[in-house]
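Okay, structure first, notes after.
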Amino acid sequence: MGKIFSIFRSKSNSSSKSSAKLNNIVLEEKITNEMNGLHVIETFNLYDNVLNISSVLNNKCLFGHQTNYTLELFDYLKSKTIKVWDGHEKDITRSIFCPRINRYISCSRDKTIKMWNIMNSRPELDLKGHELVVTTISIDNENKNLISGSRDNNLKLWDLNTGQIKCSANISRNLVSDTFWSNDNKLLIQTGEDKEVRIWDPYNLKILFNFPKKQYIQSSCYISSDNNFAITSSNGFQGNGCEITVWDLRQRKLMAELYGHEQTVTDANIIKNDSQIISCSNDSTVRLWDMKTLKLQETIYVSNTLTSVAESQDMKYILVSSLSNGIHLIRK
């Protein structure tokens, strides 16, 4: 275990040396990547600060506006707004698309979760039960059940047919930062400000096992589509922390820690049929990693304070949200 750690720490030192602190070095790296790989093809900076973005079918994305608290469905290739929903009273922290039922779900700092359809502007479901900010939502593969997490230390399982809470779990100091439901519906991974990485049974909210506690707060989590691996991303500063951790779900152990980002890694996803990892950070970069070799492939400078990253449904593009310049469209 320690040997793996030292290998990836040493490799990251060499990569971070060429990618972070001096603007001219970052710019050179961006130009190199635009010629050979990742490159920004559009920035939709008319939009206000965006906390989270998710991809939808047919070149669309879903995100919340921080100024008027609306949820927007947007065609990023046509630069066209498809639908705007109004109903939240504070910032939308997360939004997801449910393809099997063709619905959109959002959660907010107003403590609520709302489900929307394309035909109406008002919510179809308005789920209330959390006492503080709802930070994350995750849906099962059948789109019948939803799990929400909050800064009130609670996870809640909701029945989307009835809008009722099936069960809840509360752990002291477990301020939930993210959740992700496995593709086979058997596992839920959850991160929080207590630095723990927990694996739950999603249907009764009982803990199955914990991974080793991390040194820094874990900001996001994701499970591969084959259900074999998970990743979490870490808070940090000046290269301390700022790692992506790869976990083996079958053997229940840490595989590797990927270093290279210089500030908090705000989001990381497993993409391209489980062959790559894409990450974004407060260090203004998006980085692409090889899932097999666990090595850094590309780095591109995008914008200040990147908040989330998502792969398009056709796997051709990367969508990145930002607190300073709205939404960025990256071609792979």
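Mind listing whichever residues of the range 290-300 are surrounded by fewer than 22 Cβ atoms within 10 Å (Cβ to Cβ) and part of a strand (DSSP E or B)?
Filtering the range 290-300 down to residues surrounded by fewer than 22 Cβ atoms within 10 Å (Cβ to Cβ) leaves 290-295, 297-298.
Once the filter is applied, which keeps residues that are surrounded by fewer than 22 Cβ atoms within 10 Å (Cβ to Cβ) and part of a strand (DSSP E or B), the range 290-300 yields Asp290, Gln297, Glu298.
Report yes if Asn269 is in a strand (DSSP E or B) and either under 15 Å from the mean Cα position of the chain (by Cα) or of a type outside the set (Phe, Trp, Tyr) (or both), otherwise no. Working first, answer last.
Numbers: in a strand (DSSP E or B): yes; either under 15 Å from the mean Cα position of the chain (by Cα) or of a type outside the set (Phe, Trp, Tyr) (or both): yes.
Judged against the criteria, Asn269 is a match.
Among the candidates Ile139, Ile147, single out the residue that is touching a Phe, Trp or Tyr at 6+ places or on another chain (Cβ under 7 Å), open to solvent by 10 Å² or more (accessible area, probe 1.4 Å) and touching a residue at least 40 places away in the same chain (Cβ under 8 Å).
Selected residue: Ile139, the only one of Ile139, Ile147 that is touching a Phe, Trp or Tyr at 6+ places or on another chain (Cβ under 7 Å), open to solvent by 10 Å² or more (accessible area, probe 1.4 Å) and touching a residue at least 40 places away in the same chain (Cβ under 8 Å).
Per-residue answers, yes or no, for (1) part of a helix (DSSP H, G or I); (2) within 29 Å of Gly241 (Cβ to Cβ); (3) among the acidic types (Asp, Glu); (4) at pLDDT below 50:
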residue: Asn24; (1), (2), (3), (4): yes, yes, no, yes
residue: Ile31; (1), (2), (3), (4): yes, yes, no, yes
residue: Val40; (1), (2), (3), (4): no, yes, no, no
residue: Thr43; (1), (2), (3), (4): no, yes, no, no
residue: Val50; (1), (2), (3), (4): no, yes, no, no
residue: Thr81; (1), (2), (3), (4): no, no, no, no
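Residue-wise test of (1) within 18 Å of Trp158 (Cα to Cα); (2) β-branched (Val, Ile, Thr).
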{"residue": "Leu38", "(1), (2)": "no, no"}
{"residue": "Glu42", "(1), (2)": "no, no"}
{"residue": "Tyr47", "(1), (2)": "no, no"}
{"residue": "Val50", "(1), (2)": "no, yes"}
{"residue": "Cys61", "(1), (2)": "no, no"}
{"residue": "Ile82", "(1), (2)": "no, yes"}
{"residue": "Ile105", "(1), (2)": "yes, yes"}
{"residue": "Met119", "(1), (2)": "no, no"}
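If you check every pair at least six apart or on different chains, which have Cβ atoms under 9 Å apart with a residue in the range 312-332 that is under 16 Å from Asn269 (Cβ atoms) and open to solvent by 10 Å² or more (accessible area, probe 1.4 Å) first and a residue that is at pLDDT below 95 and among the small types (Gly, Ala, Ser) second?
Close Cβ pairs (under 9 Å, with a partner that is at pLDDT below 95 and among the small types (Gly, Ala, Ser)) amount to Lys332/Gly37.
Quickly run through the range 223-251 and pick out the residues that are open to solvent by 50 Å² or more (accessible area, probe 1.4 Å) and either in contact with a Gly (Cβ under 6 Å, 6 or more places away or on another chain) or within 27 Å of Leu306 (Cα to Cα) (or both). Can you show your working first?
The first filter runs over the range 223-251 and keeps only residues open to solvent by 50 Å² or more (accessible area, probe 1.4 Å), leaving 225-226, 237-238, 240, 250-251.
The answer is Ser225, Phe237, Gln238, Asn240.
Consider the range 61-96. How many of its residues are within 18 Å of Glu311 (Cβ to Cβ), of a type outside the set (A, V, I, L, M) and surrounded by 20 or more Cβ atoms within 10 Å (Cβ to Cβ)? Walk me through how you get there before you give the answer.
From the range 61-96, those within 18 Å of Glu311 (Cβ to Cβ) are 61-63, 73-77, 94-96; that's our starting set.
Filter once more, so that each one left must be of a type outside the set (A, V, I, L, M): 61, 63, 74-76, 94-95.
Adding the requirement that they be surrounded by 20 or more Cβ atoms within 10 Å (Cβ to Cβ) leaves 61, 63, 74, 76, 94-95.
Looking only at that region, the number is 6.
Could you tell me whether Ser54 is within 20 Å of Ser281 (Cβ to Cβ), modelled with pLDDT of 95 or more and in contact with a Leu (Cβ under 9 Å, 6 or more places away or on another chain)? Write out each step before concluding.
Working: within 20 Å of Ser281 (Cβ to Cβ): yes; modelled with pLDDT of 95 or more: yes; in contact with a Leu (Cβ under 9 Å, 6 or more places away or on another chain): yes.
For Ser54, the condition - within 20 Å of Ser281 (Cβ to Cβ), modelled with pLDDT of 95 or more and in contact with a Leu (Cβ under 9 Å, 6 or more places away or on another chain) - is met.
Within the range 169-217, track down each residue that is open to solvent by less than 10 Å² (accessible area, probe 1.4 Å) and either without any contact (Cβ under 8 Å) to a residue 12 or more places away in the chain or of a type in the set (Gly, Ala, Ser) (or both).
Listed by number, the residues that qualify are Ser182, Gly192.
The values are calculated or read from the model by the stated rules, or taken from the named source; none is laboratory data. Because the structure is a prediction, the values reported are computed rather than measured. All Cβ positions, glycine included, derive from the backbone under ideal geometry; neighbour counts span all protein chains shown. SASA here: full protein model, heavy atoms, side chains in, ligands and nucleic acids out. Shrake-Rupley method; radii C 1.70, N 1.55, O 1.52, S 1.80 Å.
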